[in-house]
1. Just to check I understand the Karplus step: with θ = phi - 60° and J = 6.51 cos²θ - 1.76 cosθ + 1.60, what whole-Hz values come out for region A:37-42, glycine and proline as x?
2. 5 Å is the cut-off here: which amide hydrogens, built 1.01 Å from N in the peptide plane, fall below it relative to residue B:146, excluding neighbours closer than 5 in sequence?
3. Pop out the ³J(HN,Hα) list for region B:121-126 in order, Karplus 6.51 cos²θ - 1.76 cosθ + 1.60 with θ = phi - 60°, rounded to Hz; leave Gly and Pro as x.
4. Would you give the gap between the C-alpha center of region A:222-260 and the C-alpha center of region B:362-398, rounded to a whole Å?
5. What is chain A's relative contact order, in percent, from Cα pairs under 8 angstrom and six or more apart in sequence?
6. What's the exposure ranking of B:364, A:128, going from fewest to most Cβ atoms within 10 Å?
7. Going by alpha carbons, how many degrees (0 to 90, nearest 10) lie between the helix axis of B:513-540 and the longest principal axis of chain B?
8. For peptide B:444-457, how many partner chain Cβ atoms fall within 10 Å of a residue's Cβ, on average?
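Each value in this text was obtained by applying a stated rule to the coordinates, not by laboratory testing. Source: prediction; values computed, not measured. Every residue, glycine among them, receives a Cβ derived from its backbone with ideal geometry; neighbour counts consider all protein chains shown.
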Amino acid sequence: MSSATRPSAAARPPASADALLVAEAVQKTYVMGRTTLVVLRACDLRVRAGEFVAIMGKSGSGKSTLLHILGALDVPQGGQVYFGGAPVFAPPGRRRLRTTALDVLSAAERHRIALRRRAFGFVFQFYHLLPELNVLENVLLARMVGTRVLAWPAARAAARADALAILERVGLRDRLRHRPSELSGGERQRVAIARALVHRPQILLADEPTGNLDAENGAALLALLKGLHADGQTIVLVTHDPGVAAQADRVLLLEGGRLRTV
Amino acid sequence: MYKLFLTLRYLRKRRIAYFAIAAVMLCSAMVLIVMSVMGGFLDLLKTKARGLLGDIIIDNRSYSGFPLYDEFIADIASWPEIEKATPVLYSYGLLRFSETTQTQTVRVVGIRLADVYVVNAFKSGLYYETYYPGTTTLAPQAQPRVGFDPQEIIEIRDEQGRPVGTGPRPVLPPEHQAALERSWAAGLRDTLTPPTELTAILRAAGLPEIVGVYDLVDDHGPPRFTGNELPGLIIGRDIIAERLPTAAYKRFWAYPRGCAVALTLLPLSATGTADIPVKQPFRYVDDSRTGIYEIDSQHVYCDFELLQKLLQMHATERVDPGTGRTIGTVPGRASQIQVKLRPLVAGRPVRPEAVAQRLSEHYHALAADPRFDLGFDDRMLIERVEALTWEESQRHIIAPVENERRLVTILFGIISLVAVVLVLCILYMIVLQKTRDIGIVKSIGGSSTGVAAIFVTYGAAVGLVGALSGAALGTVFVHHINEIQDFLTWAFGWRVWSREVYSFDAIPSTVRVEDTVAVIVAAILAATLGSLLAAWRAGAMQPVEALRHE
């Protein structure tokens, strides 16, 4: 780990041996013209390994923003996120909110890319599958990302086996060659879950995964998430639906830019 | 791995990319065609110039010529670099065909035929010498006529191959017939010239075909030479025959081999003063094709010594005008000396520039030798004599074409920037369309440079596919460029390539490997360049903003 990402003694999170993901005083503000919108004021969060945490809040309360920051997709203006005890972002003074095509040169960005490749799995409300790829290819893409071209022939068989296993688990083993446009909403979301899990992430971050599904598909998806949790998968789920949140071990409410336990 | 995978997938699935590929293809093909035609033109010009002139040319750029050419040739004959040297005379004259009264101005070239065969590629362009080897000579000769061999009766067939009876076999005089049979046995066939009635009869009988045009004997008797013995004249092919669109030449019965023609010449004195015109009858013994229209439509070739005499440029006695007594010799003059070099001497390649320099110095040293009693006029002619390599001597023609080629390639290269802009626009459009996909790829761990690399690779792939198809299209086009022109001429009356303007009778149609490689590399680089802005934008996208893109 480089000095840029190594936590200083003061920046270390309070001792908590089983905390996998910790957010401390996370702040996020959007500036739109002359209007400044404070979305996250000082969010604190601890997620233990194997825990299923639901974050609730009204629309526009900053749930997705918080999830994106937890998953290293977005950069907070203040505070820090620790994953496995290591800070995810550079110290605030050296933090860049905008990236460029050359940001891979920055150690902090490289660290976040590595986390997204290996530690985090994302599930989005609108599935976000690549329309040109079929089900199997969408899932395999997550494995290709971390593999070099020359290493792929050797890694391909194992990646394919993992992809088939996870697609079997989500019930799409018979839809491998179908494109997203040929699937129902529930099926697409299950492909998205398979893609999020194929690289065996330590934490699954789900942003309103049932938000775009009917009740039946929503229930089936929740059952799938519960099954994954039962197998030890750490899950952080964002929802505005109390029924969905009720499936979690712990429910937090995001209100006024701060998290509190419900 | 995801970069290559997505690049290939986008290339297959994004049909808009086909427009970028088409633009790169057309631009590559366009530049390749221009480079090939201009480069081919230049190569042809150089090849023909060298073929016509030999390796080194010594002259003084004056129709009055210069003296001491034979002494100089004898002097340098022992040089190890020199394979052969021969004098050449140039003049202008009026050519008249006795049978048709066709008259035209021509450039008359005096040559020593046997020497010229060695010095340059003149022999390979002779028609009758190819099919009747050893029969073309510039010495005085009568007209060879086709007769009949009563000992050999053959079946006569018409042009459709139907038998129409029998008759004696048409044959040429023995020397010509033997030469024909030698070339026939060696497998030489004239496949270009349309067959005459005579060739058709012999072809049907499976006998060596008499090619070209020969007069028949008047009495159906044996073959023989008829008429006065007249010196031979080789005539440029475009004077004597008509070039067909198929590149073949059609010869006319009115101009059989050995027919009489007359040349009217205007002798020039050493001071350049014109004398009384002289007329000399010749026999048309062969026709020459260099491939340069200006030469083939204007040049005739006769014996060097004869032309020298006709132009009064031969050696004569110098007479004292006061006493009328002979006081010496006025040396003969030649317009040019053509020199062929040996490629290697003692295992080392011969450098024509260095030899030309030495030849120049040697000529002037020779001319300064007091044993040659030269007059003032001759000394003036000697002053400007210099030896140049064939490239230097043709620099005034080659250099402008080289510059033209460079200029046209640059201009078309600039026009091809349109393809770069098109690649830029199309890739930028694809990036905008694929904004959400970029967010997805970044959310699963794609880096900014990785995402940018997808689009740079995409641009390079567009360039590669476009350049390869453009190279293929350009190569096919260039290979068939003359057929395409013939079709355009036939269909619309358009003739882009004018033989009169561009010297050569066909558009050069050779694609050079180095040109093709250069065009492919440039097209790939240009398309990659065109993708950079789009790639930069794609790489710089924030994953969250990209995912929220509507």
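1. Values per residue, Gly and Pro as x: 10, 8, 8, 10, 8, 7 Hz.
2. Hits under the 5 Å cutoff: B:215, B:216, B:217.
3. Result, rounded to whole Hz: 8, 4, 4, 5, x, 7.
4. 103
5. Reported as a whole number, the value is 28 percent.
6. By the 10 Å Cβ count, ascending, the order reads B:364, A:128.
7. Taking the Cα atoms of chain B, the angle to B:513-540 is about 20 degrees.
8. Average per residue, whole number: 6.
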